[in-house]
Structures are given as structure tokens and as C-alpha cells.
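**Q** One structure, as C-alpha cells, below. Some questions next.
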Amino acid sequence: MLVSYKLLKEIVDFPNDVTPFDIADKLTFHGVEVEEVIPLAQATNLTTGKIISCEKHPDSDHLHLLEVDCGEHGIYNIVCGAPNARKDLKVIVALPGADLKAKGLVIKPTKIAGYESNGMCCSLSELGVNEELLSEAQKNGIEELPEDTELGNDDVLGLLGLDDTILNLNILANRPDLSSVLGIARELSAIYSCSYKKIENIQVEKDNKIKVTSLTPKCLSFGLLEVETDGKIVESPAKLKQYLIALGYRPISLAVDLGNFMMAITGQPYHFYDLDKVKSLNGHNEFVVKDDFEGELETLADKNVKVEKGDIVVTDGITPMCLGGVMGLKNVETELTSTHFAIEAANFSYVQVRHTVKRTGLVSDSAQRFIKKVNPQLIEDSLLMLATVYKSIDPSFTVKSYSLYDEQETPNRLLPFSLESANHRLGGKFTHDEVAKIFKDLRFVWEDDKVLVPVDRPDIKEQADLEEEIFRYSDPSCLDNTLDKLPLTSGRRTAKQELVRKVREYLIANGLYEVVSYTLIDEKLDRSYRIFNEKEPSIRIGNPMTADHEYVRSDLTSSLVKTVNYNRARQKNNFGMFEVGEVHYKDTYKTYLTICLTGKVKEQGSLISRKYDFFDIKGYFEGIFGLTGILPNRYQLRRASQDFFHPGRSADVFVGKEKVASFGQINPRLEKEETYVLEIDISALINIKTGVTKFVPFSIYPDVERDYAFVLDNSVSSGDLISTIKKAVGSTLKSAEIFDIYQIDKEKKSLAVKLLFTSMDHTFKEEELNILQEKVINSVVDKLGGSLR
């Protein structure tokens with residue numbers, strides 16, 4: 001936001017020695033970011049002159065040979081190419097030695113096309129004024145000064161109101177009261193403990209002569225002044241134009257100029273309607289705000305836009321007249337000679353205005369202010385302030401009626417406050433008088449244990465906000481800067497942070513790349529790979545920037561597979577990557593780890609390489625579970641339930657009844673190149689209790705190894721077989737491993753298992769081994785319906 005130093009000085013009674021840089025330092029110290037402090041125009045050795053002779057250059061079709069009278073400086077011969085140069089025109093003259101910093105040009109006597117030129121007639125852009133703020137005539141020619149301009153006046157910048165300094169402020173969303181010149185003036189008056197000028201508004205009675213209403217909750221406040229003028233064209237005063245340029249607006253006409261200027265002053269956008277045109281639409285003057293209109297409308301920017309349901313439209317009950325909060329329409333546009341018009345000040349939903357601007361591409365200063373939120377409590381004051389200033393410029397300006405629709409809830413401005421609590425939180429020793437002075441400067445009224453906050457400070461909502469104001473405006477010496485009252489704690493990672501650190505180091509040490517992908521994705525991608533919470537609905541954010549970043553991701557696998565394909569498209573085919581991140585659901589969030597492997601893995605540098613396979617991803621799963629202390633007997637592998645996994649190269653991992661991980665190959669119909677994925681619910685692993693690792697002695701007696709092959713149904717998994725045998729034999733079984741699988745036919749298969757038996761206190765006898773063998777065979781026959789092959 002641009003703020004004029006000269007305008008601030010006119011409003012605030014600063015101490016005499018305050019400079020723009022002093023103001024910038026004060027604002028920055030008090031929490032208002034000043035991005036830059038820049039002069040409005042920069043040029044030296046200028047004066048005013050009058051063209052007393054203007055002849056065409058004999059060898060040029062656009063140059064003029066001028067004699068310019070510069071008063072006490074004398075008469076200068078100047079060669080000028082401006083199309084509007086003519087005799088008796090008063091102009092800005094850059095004398096020899098002038099430094100036009102905006103153009104990087106120092107004026108020197110020279111010859112142009114064979115003729116001496118001892119100066120330069122200037123346009124405002126050559127003095128550093130932004131061309132976007134100038135009219136076409138000002139852009140294309142030299143500046144034309146008023147006829148009564150004194151010759152030889154060296155204070156050209158002061159004469160034109162360009163001797164100003166601009167403060168470019170970055171106003172954050174937590175301080176909407178500062179989105180206006182008046183808000184900044186109030187802030188500075190509190191900082192410097194000085195007064196500021198207030199405008200005595202004209203008095204207007206609310207009569208609701210023109211019906212004003214809203215049929216949508218997107219507009220709860222709508223004020224309207226009906227006014228008349230005599231229709232004579234009144235030029236905007238020079239001072240108003242100068243301030244408009246300083247504030248970043250191009251002067252156009254009195255109504256437009258005042259609307260822009262007062263919007264900058266108050267922070268409230270305005271809009272003007274020609275009431276005669278309004279009445280010609282459907283025979284009445286009425287203003288109804290709706291959000292159910294659909295159709296195409298022509299805006300003041302001469303652009304046709306498609307309006308959809310949900311967009312805010314100001315109508316006369318039937319016909320649209322304005323795209324609320326964004327831009328007016330051509331059908332009720334005011335003209336320079338309009339005599340009967342209405343001035344609107346309203347409060348429109350910032351969310352809807354943002355959506356409309358984004359969809360239609362219409363950009364206006366009013367829309368930008370609504371998007372940042374406008375204080376609905378200031379509608380009446382801002383309307384009357386505009387009317388007061390308008391009447392001071394055009395005496396024929398008369399307010400005929402004032403209508404107001406207001407269904408806005410009035411916030412509670414009387415807040416509880418405890419000085420003792422404030423001192424405790426701030427670590428200070430503020431006295432009652434010190435705090436009372438700060439509150440007085442801020443226009444807060446403090447009585448007993450209550451503080452009344454003015455309506456222009458919607459950011460003050462509780463005790464903590466009042467304490468923040470005390471801190472911002474207090475002398476730092478009042479604060480206790482010691483650490484005596486702060487408890488000392490030893491910092492350490494949480495169990496989850498420690499686990500994530502160990503897993504991250506383990507994976508990086510094994511050559512995987514860590515990636516960070518977008519939290520916001522599109523809905524199709526979010527639904528493509530769901531390992532956990534398949535039925536959980538996707539969460540759409542309220543203000544997406546693009547359709548590709550509209551939903552909060554519900555899984556990491558979808559993002560990581562997209563990243564793999566992104567790299568493949570750029571000839572990066574052999575790698576492993578992982579991501580650890582939080583995934584949010586409606587009522588909770590989880591921390592997931594996802595690993596993706598694709599292409600080849602090098603085993604001896606570039607000498608030997610092979611394709612990643614199922615057992616690589618399974619190995620990472622076993623390694624991570626080993627880090628957490630979860631032993632193989634604590635979890636169970638089952639065939640993966642998701643159809644995006646390869647049916648024969650994937651598994652779900654369960655601890656009890658809870659699924660904590662899934663891994664396997666992405667189905668080839670989805671990914672032609674072999675891609676292996678592992679996703680683990682880190683949040684679930686943290687909650688799994690693990691015992692302390694215990695050391696046990698090795699058996700000094702020989703182990704006994706037996707191999708068995710069983711004929712089983714195809715539905716029986718290797719895990720089912722091993723689990724059944726372990727339950728039948730008990731702790732005597734040291735290990736069980738599948739070493740052969742043979743497909744007999746469509747219904748039967750053969751599984752061969754190697755069993756290792758051990759005893760801690762004796763050598764096995766033949767009778768014991770026969771009993772163990774019988775238990776193994778019977779358990780498989782009875783529990784799984786199998787038979788010994």
C-alpha cells in the first residue's frame with residue numbers, strides 16, 4: 001500500500017523534525033513492514049519557462065526549434081521533439097547540469113540535428129512519475145503548466161506537488177485497520193503521542209427512501225447515498241490530483257477521483273450509479289443484492305464476463321447493475337454530466353470476491369481491498385466522509401436520501417482486562433498510569449477491569465490482544481530481560497521424531513533419495529493410490545489457487561508415484577526414493593513413510609547391476625521394523641487388498657487386527673515399468689509396545705533339520721502354513737522357511753518348508769522327533785486341509 005508523506009503530515013500533527021525515514025523506522029519497530037521509502041519524483045536544476053518562439057526544424061518532420069524564456073535565468077535555445085510544443089506554452093525546463101535520475105540523464109549543451117540545444121523541456125515521466133498514472137496527452141508530450149505559472153520558479157517539484165516521499169507498506173491480514181491512510185495516521189498519532197485531524201461529517205438522516213436489501217448472506221451491510229448536482233463539469237482540484245498520483249491512482253474525473261481518494265483515505269471501496277439510468281431499466285430505483293444470477297454482463301472495463309451462481313450481483317430486483325465487490329456495469333455508468341446518482345458503500349464476502357476475481361480475471365483496487373477484508377462497521381462514516389469532501393469541492397452537491405441495510409452482527413467491543421495478568425505474561429512492571437497513557441493514545445477507554453475498543457480495531461478481541469498493544473507501544477526498558485522466571489527444561493526429541501530420524505538415516509545410508517512433494521494435489525490423484533483409509537473422503541480446501549492443488553492429500557503413495565514418473569520423463573530411470581510426511585483427514589492426522597523403487601540397483605559400482613524386485617522392497621520393510629524392535633512374530637503378512645498392487649507381488653502387514661503397512665509392485669496395467677512401493681503408518685508403529693531386547697544363550701546341543709512338502713489349496717498362503725506349524729510345535733521350533741513352491745494344477749499347489757528344531761537341555765531322541773513330525777503333519781491336515789506330498 002502506498003502512503004504519501006505530505007498527506008500524512010497534513011493529517012497528523014508530527015513534531016517538526018520528523019522525516020519520512022523516521023516514520024519508516026517507527027512503523028517498522030511497531031510491527032508495520034515498510035518495504036521501501038522512495039521519492040515521488042527526482043530531478044535537479046529545474047525551472048519554469050515560456051515558449052516565446054516555436055519554429056519547425058528545416059530538416060526534420062517532428063523537431064521544433066524553441067526559444068524559451070526562463071525568467072531571471074534568461075532565454076534558452078532548445079531543440080524539442082514534443083508534438084504539443086507551441087508558442088506561449090508554459091513548460092518545465094531542465095537547465096544545463098540538470099540531473100534527471102529517473103532517466104539516468106544529465107542535461108548538457110549539445111547540438112541536435114545541427115542546431116544548439118541548451119536545455120530540455122520535460123514531461124512528468126522524465127521527472128520520475130509513473131507513466132501508468134498519466135493521461136495519454138501527458139505520456140506523448142511535454143507537461144503543460146497553467147497560464148498563471150510564474151517564470152523562473154526553481155521549485156518545480158513543489159509547484160507540481162511532486163516534492164513528496166512515498167512509503168510502500170506491506171499490511172498484513174492481522175491489521176485490517178491499517179489498510180487506509182487514516183488507519184496509518186491513527187497509528188502514527190499513537191506512536192508519536194500527537195493528535196490527528198478529523199473530518200467533521202455533514203449530518204444526514206437515514207430515511208431509506210430508496211429500498212436497499214440483500215438476499216444473500218454474502219452481503220450483510222449495504223449503504224446508499226442518493227445525491228444530486230447541477231450537472232456542471234467540475235475539475236478535480238490540483239491538490240487532489242497530486243495526492244492521487246502519490247497514492248498510485250490516475251486522475252480521471254471528479255467523481256472517480258474522489259471515489260479513489262476517499263477509498264485510500266478510509267479503506268472503504270465506493271461505487272457510483274446513475275439513478276436516471278437505474279430507473280430506466282425497470283421503472284424504479286431499488287437495490288437488491290443477489291447471488292443466484294447466471295448470464296453474461298458488460299463491465300465498465302468494456303469486457304464481457306460470464307457470471308455464475310454464487311457471484312455477488314447488485315440488481316434493481318431484476319436487472320444486474322454491478323458485480324458486487326469487483327466492478328460496475330456499463331448499463332448504469334455515471335457520465336461527466338450526470339446530475340442524479342447514488343454512491344454505494346457495502347461489505348461483500350471476501351471469499352466470494354476472491355473466487356469471482358480469480359475466475360473472471362477482473363482486477364480492481366476495490367476487489368483487492370474486499371479480498372483483504374473491509375471493516376463493515378465503518379460503512380456509514382465512510383459514506384458521510386465522502387459526501388463531506390465532495391460538497392467542499394462542488395457546492396451544488398446535495399444529499400437527497402440515505403438508505404442502509406445492515407444485518408451485520410455488532411462485535412463486543414467491551415473486553416475484560418487485568419493489569420496483573422498483563423504484567424505476568426509480558427514479564428514487565430507496568431504501572432496503571434503507563435498503561436492508561438498507552439490506551440489513551442490508542443483511543444481505548446479503560447474503566448475498572450473493562451476496556452472499550454474503537455470500532456476501527458476489529459483485530460482487538462481479547463486480553464492477549466490488549467497485552468500485545470501494551471508491548472508494542474511501551475518503552476523496552478519497562479520489560480524484565482532476565483531469564484530468572486523461565487523454567488529450564490532439557491530438550492529432546494519425541495518418540496515419533498526419534499523414530500523418523502532413525503528411519504531417515506537408515507534409508508539415506510542405503511542410497512535412497514529423500515523427496516518432499518506437494519501437500520495439495522488434485523482429486524483424481526488423491527483417489528488413485530489409497531493404502532490406508534480408502535473410504536475416507538478427500539478434503540477440499542476453501543480457496544484453491546489452481547485445480548491441480550485443490551485437495552489435501554490422503555496418502556503419500558500417489559505423490560511419490562507422480563514424482564517417479566516426473567523423473568522417468570527426464571531420463572532418470574534407476575533410483576529409490578522416500579518421503580516422510582503428515583497426512584490429514586477430517587478429524588485427525590497421521591505420519592506416513594513411503595518408499596518407491598524403480599529401474600536398476602548397482603551392486604558392485606557399475607560392474608554389476610540388476611533390477612529392483614519384490615524382495616528389495618520387502619527387505620526395506622523388514623529393516624525398518626527391525627529398527628523399531630517389532631519382531632517377525634508380532635506381525636502377519638496377508639495378500640494385499642488394493643487392486644492397484646500386483647496380485648502376486650504384494651502384501652499387507654497386520655499387527656493384531658490393525659493394518660500398519662503395505663508393500664509390493666504397482667500393477668503393470670498402471671505402471672508399465674516395474675515400480676515397487678512400501679508405505680508404513682509411522683503413527684501406528686509408535687503405539688506398538690515392544691519389549692527390551694534380551695540375550696539368551698545358544699544351545700550346546702545339535703539342531704535337527706527336517707524338510708516337508710505339503711499339497712495345499714491355492715488359497716492357503718505360505719504365512720498360513722508357517723503360522724499353523726509354529727502353533728503346533730511351540731518353542732521347540734527355531735525357524736521355518738519356505739524353500740520350494742510347485743503349482744500342481746488350477747486348484748492345488750505344493751509348498752516345501754524347512755524346519756529347524758532346537759533343545760536347550762538335551763539331544764533330541766528319535767521318539768521326540770517322530771512326535772514333532774506327527775504334530776506338524778496333523779496340524780497341516782486338520783487346520784489347512786493339506787496332505788503330505
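The values are calculated or read from the model by the stated rules, or taken from the named source; none is laboratory data. Everything numeric in this text was worked out from a predicted model, so none of it was measured. Glycine gets a Cβ as well: all are built from the backbone with ideal geometry, and neighbour counts include every protein chain shown. To get the accessible areas, we keep the full protein, side chains included, count just its heavy atoms, and leave off ligands, DNA and RNA. Shrake-Rupley method; radii C 1.70, N 1.55, O 1.52, S 1.80 Å.
**Q** Determine the gain in length on full extension of the stretch ILE688-GLU462; use 0.36 nm per residue of separation and subtract their C-alpha separation, reporting nm with one decimal.
**A** 77.1 nm
**Q** How fast does the stretch 413-475 diffuse by Stokes-Einstein, in µm²/s, taking the Kirkwood radius from C-alpha pairs at 10 °C and 1.306 mPa s?
**A** Here the translational diffusion coefficient equals 138 µm²/s.
**Q** Please report, in whole Å, how far the alpha carbons of the stretch 211-406 spread along each principal axis, starting with the longest.
**A** 43, 37, 33
**Q** Let me check I have the definition right: for the stretch 109-251, take the eigenvalues of the Cα gyration tensor, multiply each by 5, take square roots. What are those semi-axes in whole Å, largest first?
**A** Value: 42, 23, 17 Å, ordered largest first.
**Q** Taking amide H positions as placed 1.01 Å from N in the peptide plane, with prolines and chain starts having none, which residues 5 or more places from LEU105, or on another chain, fall under 5 Å of its amide H?
**A** LEU100
**Q** What is the local net charge at THR398, summed over the other residues whose Cβ is closer than 15 Å to its Cβ (Lys, Arg +1; Asp, Glu -1)?
**A** Summing Lys and Arg as +1 and Asp and Glu as -1 gives -2.
**Q** When the Kirkwood hydrodynamic radius is evaluated over all pairs of different C-alpha atoms of the stretch 47-119, what value in angstrom, to one decimal, is obtained?
**A** Roughly 12.5 Å, rounded to one decimal.
**Q** Quick one: what are the phi-derived ³J(HN,Hα) couplings along the stretch 160-171, Karplus 6.51/-1.76/1.60 with θ = phi - 60°, whole Hz, x for glycine and proline?
**A** 8, x, 9, 7, 10, 10, 9, 9, 9, 9, 9, 8
**Q** So which aspartates and glutamates pass the test for LYS450, namely a Cα distance under 18 Å, with those fewer than 8 places away in the same chain ruled out?
**A** GLU420, ASP433, GLU434, ASP441, ASP459, GLU462, ASP465, GLU467, GLU468, GLU469
**Q** Using a 1.4 Å probe on the protein heavy atoms only, what accessible surface does ARG553 show? Give it in Å² to the nearest 10.
**A** We get 10 Å² for ARG553.
**Q** Can you tell me how much longer the chain between ALA547 and ASN16 gets when fully stretched, taken as 0.36 nm per residue apart minus their C-alpha distance, in nm with one decimal?
**A** The ALA547-ASN16 span can extend by a further 185.7 nm.
**Q** Hey, what did the stretch 709-758 get for relative contact order, percent, Cα under 8 Å, at least 6 apart?
**A** 46 percent
**Q** Take the residue pairs LYS218/LYS303; LYS290/LYS586; LYS26/LYS197; LYS87/LYS111; LYS496/LYS600; LYS572/LYS672 and return only those whose Cα atoms are more than 27 Å apart.
**A** LYS290/LYS586; LYS496/LYS600
**Q** Which of THR315, ASN565, PRO96 sits closest to the plus end of the dipole of the chain, meaning its Cα is farthest towards the positive end, when Lys and Arg get +1 and Asp and Glu get -1 on the C-beta?
**A** ASN565
**Q** Something else about it: What are the ³J(HN,Hα) values, in whole Hz, obtained from phi via the Karplus relation 6.51 cos²θ - 1.76 cosθ + 1.60 with θ = phi - 60°, for each residue of the stretch 2-13 in sequence order, with x given for Gly and Pro?
**A** Karplus-based 3J(HN,Hα) across the stretch 2-13 equals 8, 10, 8, 5, 5, 5, 4, 5, 6, 8, 9, 7 Hz.
**Q** Assigning unit charges at the beta carbon (Lys, Arg +1; Asp, Glu -1) and nothing else, what dipole magnitude in debye, to the nearest 20, does the chain show about its Cα centre?
**A** 4100 debye
**Q** Roughly how much of HIS584 is accessible, in Å² to the nearest 10, using a 1.4 Å probe?
**A** HIS584 has an accessible surface of roughly 80 Å² with all protein chains in place.
**Q** Count the net charge of all other residues whose Cβ sits under 13 Å from the Cβ of TYR513, scoring Lys and Arg as +1 and Asp and Glu as -1.
**A** Summing Lys and Arg as +1 and Asp and Glu as -1 gives 0.
**Q** Which FRET efficiency, nearest 0.05, do LYS209 and SER280 yield, Cβ-Cβ r, R0 25 Å?
**A** Result of the calculation: an efficiency of 0.85.
**Q** Something else: Determine the calculated [θ] at 222 nm for the chain from helices alone, applying -39500 (n - 2.57) to every DSSP H run no shorter than 4 residues and normalising by the residue count; nearest 500 deg cm²/dmol.
**A** -8000 deg cm²/dmol
**Q** Would you mind calculating the gained length between SER490 and ALA113 on full extension (0.36 nm times residue separation, minus the Cα-Cα distance), in nm to one decimal?
**A** 127.6 nm
**Q** Still on this model: Quick check: Cα centre of the stretch 36-86 to Cα centre of the stretch 429-461, how many Å?
**A** When both Cα centres are located, 57 Å separates them.
**Q** Right, something else. So for the stretch 495-687, Kirkwood radius off the Cα pairs, Stokes-Einstein at 37 °C and 0.692 mPa s: how many µm² s⁻¹?
**A** Once the numbers are plugged in, D ends up at 191 µm²/s.
**Q** Separate question: With Cβ to Cβ distances under 11 Å as the rule, what net charge do the other residues near GLU380 carry (K, R +1; D, E -1)?
**A** -1
**Q** Moving to a separate point now. Roll a 1.4 angstrom probe over the protein heavy atoms and tell me the percent of accessible area of the chain that is carbon or sulfur.
**A** Answer for the chain: carbon and sulfur cover 50 percent of the accessible area.
**Q** Here's something else I'd like to know. Measuring with a 1.4 Å probe in the full set of protein chains, what accessible area per residue, in whole Å², belongs to the chain?
**A** Ligands and nucleic acids excluded, the result is 52 Å² per residue.
**Q** Next question. Where does the chain land on the Kirkwood hydrodynamic radius, alpha-carbon pairs, in angstrom?
**A** 34.5 Å
**Q** Separation of the stretch 570-585 and the stretch 339-375 by C-alpha centroid, Å?
**A** Centre-to-centre (Cα) distance: 42 Å.
**Q** Relative contact order of the chain: what whole-number percent is it, with Cα pairs under 8 angstrom and at least 6 residues apart?
**A** 8 percent
**Q** Long-range amide H contacts for THR334: which residues qualify at under 5 Å (H placed 1.01 Å from N, peptide plane, sequence gap of 5 or more or a different chain)?
**A** ASP274
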